[in-house]
1. Looking only at the stretch 172-211, which residues are on the phi > 0 side of the Ramachandran plot and either out of contact with any helix residue (DSSP H, G or I) (no Cβ under 8 Å at 6 or more places or on another chain) or crowded, with 18+ Cβ neighbours inside 10 Å (or both)?
2. Can you name the residue in the stretch 127-157 that is at pLDDT 75 or above, within 16 Å of the chain's Cα centre (by Cα) and outside any helix (DSSP H, G or I) and is also surrounded by the fewest Cβ atoms within 10 Å (Cβ to Cβ) among such residues?
3. At negative phi, in contact with a strand residue (DSSP E or B) (Cβ under 9 Å, 6 or more places away or on another chain), in a helix (DSSP H, G or I) and surrounded by fewer than 22 Cβ atoms within 10 Å (Cβ to Cβ), is that true of residue 21?
4. Quick check on the stretch 294-309. Is at least one of its residues outside any loop (DSSP other than H, G, I, E, B) and either at pLDDT below 90 or farther than 28 Å from residue 26 by Cα (or both)?
5. What is the one condition in (1) under 22 Å from the mean Cα position of the chain (by Cα); (2) more than 15 Å from residue 54 (Cβ to Cβ); (3) in a helix (DSSP H, G or I) that residue 171 does not satisfy?
6. Considering only residues that are part of a loop (DSSP other than H, G, I, E, B) and free of Cβ contacts under 8 Å to residues at least 12 places away in the same chain, which ones fall in the stretch 30-89?
7. For residue 27, which of the numbered conditions (1) part of a helix (DSSP H, G or I); (2) modelled with pLDDT under 95; (3) under 11 Å from the mean Cα position of the chain (by Cα) fails to hold?
8. Please work out if residue 165 is assigned to a helix (DSSP H, G or I), within 20 Å of the chain's Cα centre (by Cα), closer than 20 Å to residue 26 by Cβ and modelled with pLDDT under 90.
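The values are calculated or read from the model by the stated rules, or taken from the named source; none is laboratory data. Predicted model, so just to flag it, every value in this text is computed and none were measured. Cβ: placed from backbone, ideal geometry, glycine included. Neighbour counts: every protein chain shown.
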């Protein structure tokens with residue numbers, strides 16, 4: 001018999017929003033290469049890492065996997081650039097984690113939602129992390145241990161595969177990594193992931209219940225100071241050298257213009273929003289957020305021919 005969390009996992013996998021992740025940006029916008037990470041492959045890597053940690057710590061693997069699979073379904077086209085522009089345009093603001101929750105609660109199955117458990121929904125909406133040391137005290141106190149596992153697994157996955165994509169795009173060279181990263185985490189992709197995962201298991205062993213003093217603080221998912229410091233150095237390096245570079249900004253401005261064109265057009269023509277979304281207070285936002293990169297490009301070009309030309313040849 002399937003557990004309730006296995007049912008949640010299956011409902012997420014069979015949803016339209018989950019399937020569209022295969023054509024949504026991770027970092028490199030609408031890439032033409034076959035091997036760049038997409039939002040879907042990122043999600044699968046998060047689920048793989050999270051389930052490995054959950055199994056080692058004797059946590060609920062099905063709950064962990066369901067959270068991981070659903071955590072990014074609310075991402076706009078063009079990744080965080082699209083999210084940021086939507087946040088500027090929509091007066092009430094936009095956060096992809098909140099949109100992920102909205103999808104599973106209200107939008108999927110023509111408004112019926114996926115009827116997921118509270119634990120999965122709470123893990124999905126709480127997975128986002130601030131820039132800087134997101135493992136600091138108190139930043140995940142309200143999360144289940146499984147939710148905390150997904151939160152840190154998300155960072156492990158995107159930092160490592162985004163780094164591999166940056167090497168593939170020749171934005172970075174392997175010799176350019178900070179020594180704090182290579183000396184502590186390793187110089188190869190698999191080595192870095194293994195170091196982080198193993199360290200999390202060792203540092204979070206109290207989560208298994210073995211040897212935990214009931215009078216001490218509640219156990220949490222964490223890392224040793226050395227590995228945590230190296231992860232933060234790697235994260236800062238990626239923001240500085242990949243995510244916030246001038247090249248990414250140029251691609252990002254083209255993507256922002258596409259979002260602006262779509263938002264203005266459908267705001268003026270709400271009758272063109274699909275009928276299953278029409279009638280709610282943010283149907284335009286829901287429609288655009290659900291688009292894949294190439295669908296958004298095609299829709300924007302049909303409204304303003306040539307608006308996507310700056311993106312031609314990306315990656």
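1. 209
2. Pass one, the stretch 127-157, residues at pLDDT 75 or above: 127-128, 135, 142-157.
Next cut, within 16 Å of the chain's Cα centre (by Cα) only: 127-128, 147-157.
Subset that is outside any helix (DSSP H, G or I): 127-128.
On the way: 127: 26, 128: 14.
Among them, the one singled out is 128.
3. Numbers: at negative phi: yes; in contact with a strand residue (DSSP E or B) (Cβ under 9 Å, 6 or more places away or on another chain): yes; in a helix (DSSP H, G or I): yes; surrounded by fewer than 22 Cβ atoms within 10 Å (Cβ to Cβ): yes.
In short, yes.
4. Among the residues of the stretch 294-309, at least one is outside any loop (DSSP other than H, G, I, E, B) and either at pLDDT below 90 or farther than 28 Å from residue 26 by Cα (or both), which makes the answer yes.
5. Status for residue 171: all satisfied but (3).
6. If the condition is that a residue be part of a loop (DSSP other than H, G, I, E, B) and free of Cβ contacts under 8 Å to residues at least 12 places away in the same chain, then 34 is the only one that fits.
7. Going through (1) part of a helix (DSSP H, G or I); (2) modelled with pLDDT under 95; (3) under 11 Å from the mean Cα position of the chain (by Cα) one by one, residue 27 breaks only (1).
8. Here the answer is yes, as residue 165 does meet what is asked.
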